[in-house]
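The values are calculated or read from the model by the stated rules, or taken from the named source; none is laboratory data. Keep in mind it's a predicted model, so treat the numbers as computed, not measured. So basically every Cβ, Gly included, is an ideal-geometry build from the backbone, and we count neighbours across all protein chains shown. For accessibility, only protein heavy atoms count, side chains too; no ligands or nucleic acids. Shrake-Rupley method; radii C 1.70, N 1.55, O 1.52, S 1.80 Å.
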Amino acid sequence: MNNIFRFYTERRLVEATGLRAVTLRELLNHMKKVGGASIFYHTHASFLEHHFVRQRFYNDFAAWISRSLQEHKLAEQIAGIDMMDYTRIADLRNAFIEIIQNHLLERKGERSRKAPPGEEFHFCKAKNFIFATGLEARSIPEFFHCLSAISPLSLYYHVFESRLRLQRTTSDFSVWLTDMGARDIAEKISRLDPYVFTLEELRQRITSFYNG
Amino acid sequence: MSVSIEAYRPIVGTQFIDELYKIAEHINERSIQHINSTPVGGGVAEILHRLVPLTNELGVKATWDVIKGSEEFFNVTKAFHNALHGSDDEITDDMFEIFRETTRDNLATMNLYGDVIMIHDPQPAGLIAKKNEIGRKWAWRCHIDVSRPNKKLWEFLREYVVQYDASVFSMPDFSQQLPITQFLITPSIDPLADKNKDLEQSFIDSILEKYALDPDRPIITQISRYDRLKDPVGVIQAYKIVKKRYDVQLVLAGGGASDDPEGAAVLQEVQEMGGGDPDVKVLLLPAYSDKEINALQRASTVVLQKSIKEGFGLTVTEAMWKRKPVIGGATGGIRKQIIDGVTGYLVHSVEGTARRIIDILNDPEHAEIIAGNGFEHVRNNFLLTRHLKDYMLVMIALERDGSDMIEL
């Protein structure tokens, strides 16, 4: 067993896909065919850009549906999806699709709302560059020492990115801590919903499981 | 005078600067050659002046060359610039011919040697003709708002753009239907430039004195060109609503309008509206007033950017960097920078603007929290060092396959 935990971090370059939506139906159609990287991007980019504050919608789809289409109920439903229930982007995509399709069915016959000019939804995605921070832990105390020193982006990589994009059921931290025999701490981390915290709050919360 | 990368360490954090060095290591001796159309003046030259030495300091060879062109050529490219912004300027076939001719001249005389050649804006875009002969990786970096471009002109430029390995736009709204990769790299501000660096209080005081502003009463400021799209008239209307019950001062400050008849008309209208009120200062600042603008922003209680249409809105970024509560028109890049009620306030009307000014005046503690969030947002996302990082990542991305996850 490899008992060294290597802390990685990531940096991103954002790309436009060229796909844009003006109506809910267009959003739905693009959502069905756009790459998984784009679904991931629009459910995480705003969270990452504003990782120091809590915001109403970190999900770009929900934010756009609320702001530009004024479909507030639908926006709340989309935003209300529990991200921790999903380990595959394909399943997450299907959950969004189902909610929007049901909404369109309920509104059948009604004229569809259009986003005002300049407020189109632009599908983007990110190219991620992953690299080692140079920080490594060989024991649980070392792990928590490193955790206090890593950048918010490194924390983001191990908790969010690795779980959903690498399709692990839990965060990198929980996997390693379980291997190291700290099952209690690992389970507490696994039960956390990291999306409701700022990254600094998340770091403090995880650290408290060790200190507490 | 070039500023060392180390000067940014206390600002953006040591981890970020260390990461820049790490990313630079992965560029493996490859060089980047920037090419634009002017060595001075304009945002692009301003950025390159800082970015090129910083890139070199990280160990990545970066150079900067400028194309040559006649006055006639630059008149054509100015018309191109306006037409890409969506103006009605007529674009003629003669203009295209002048563009082609200057491109041919530059192709014959310029040395194109970078491993990555980054071409900034439309003026040098035709240099891509050399790609077949010399290879290399080519990126077209478009700084202009091309969300509603003149169709005829875009079709002409597109022929060049599609030959590049990648394009770079500033916002998703500016991206196009293209067969090549479109990276999105938002603009940035330099925290150490005259416009943004910390200032001595004595200098700020001297500027207040110069313009007869009272430091003991709230100051509302909008810094921008006298252009209808920036809605300076709406700013005065909002001020007048606030002024009924609050003893505030208003500063509208913008650059020259000598070659812009529309701008001169707007300026006159604004002066007439503010006329007679000693608490309204309508300032026409000369070029190179960066330090004065900085001082005015720092002396402000509230900063407005009540635009009706906006590309990115760097004045919003600048004000947030100075920890000022910002009220911005809900349009373009302002929406990207301001989360309403979190990093600033978004407004759609004169009344909404006045309402938010009053909120800020009545609850300075909450305004300070919002201003602090705005500052963090800029620190994390819109500083020059992030721009530097993005350009290096573009260099790496151009060498790697199309994968979305690249392990360095």
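Observations on the model:
- Entry remark, the range B:143-164: residues being part of a loop (DSSP other than H, G, I, E, B), crowded, with 19+ Cβ neighbours inside 10 Å and modelled with pLDDT of 95 or more number 1 in total.
- Test: residue in the range B:302-315 that is more than 14 Å from chain A (Cβ to nearest Cβ), out of contact with any strand residue (DSSP E or B) (no Cβ under 8 Å at 6 or more places or on another chain) and under 26 Å from B:Val378 (Cα atoms): no
- Residue count for the range B:372-408, restricted to those that are among the aliphatic types (A, V, I, L, M) and either at positive phi or facing another protein chain (nearest Cβ under 7 Å) (or both): 7
- Applying the criterion of being open to solvent by 40 Å² or more (accessible area, probe 1.4 Å) and part of a loop (DSSP other than H, G, I, E, B) to the residues of the range A:23-54, the residue that is nearest to the other protein chains (Cβ to nearest Cβ) is A:Phe52.
- Boolean, B:Glu269 is away from chain A (no Cβ under 14 Å) and either open to solvent by 40 Å² or more (accessible area, probe 1.4 Å) or without any contact (Cβ under 8 Å) to a residue 12 or more places away in the chain (or both): yes
- Qualifying residue in the range B:63-73 (condition: within 14 Å of chain A (Cβ to nearest Cβ), among the polar types (S, T, N, Q) and surrounded by 15 or more Cβ atoms within 10 Å (Cβ to Cβ)): no
- You will find that of B:Ser147, B:Ser175, B:Ser167, the residue that is within 14 Å of another protein chain (Cβ to nearest Cβ) and in contact with a His (Cβ under 8 Å, 6 or more places away or on another chain) is B:Ser175 and no other.
- Test for A:Ser151: is it open to solvent by 10 Å² or more (accessible area, probe 1.4 Å) and within 10 Å of another protein chain (Cβ to nearest Cβ): yes
- If you go through the range B:211-229 and keep only what is under 27 Å from B:Gly42 (Cα atoms) and open to solvent by 70 Å² or more (accessible area, probe 1.4 Å), you end up with B:Arg225, B:Arg228, B:Leu229.
- Meets criteria (away from chain B (no Cβ under 14 Å), closer than 30 Å to A:Arg25 by Cα, surrounded by fewer than 21 Cβ atoms within 10 Å (Cβ to Cβ) and of a type in the set (Asp, Glu)) for A:Glu136: no
- Flag if B:Phe156 is touching a residue at least 60 places away in the same chain (Cβ under 8 Å) and either over 30 Å from B:Lys324 (Cβ atoms) or within 14 Å of another protein chain (Cβ to nearest Cβ) (or both): yes
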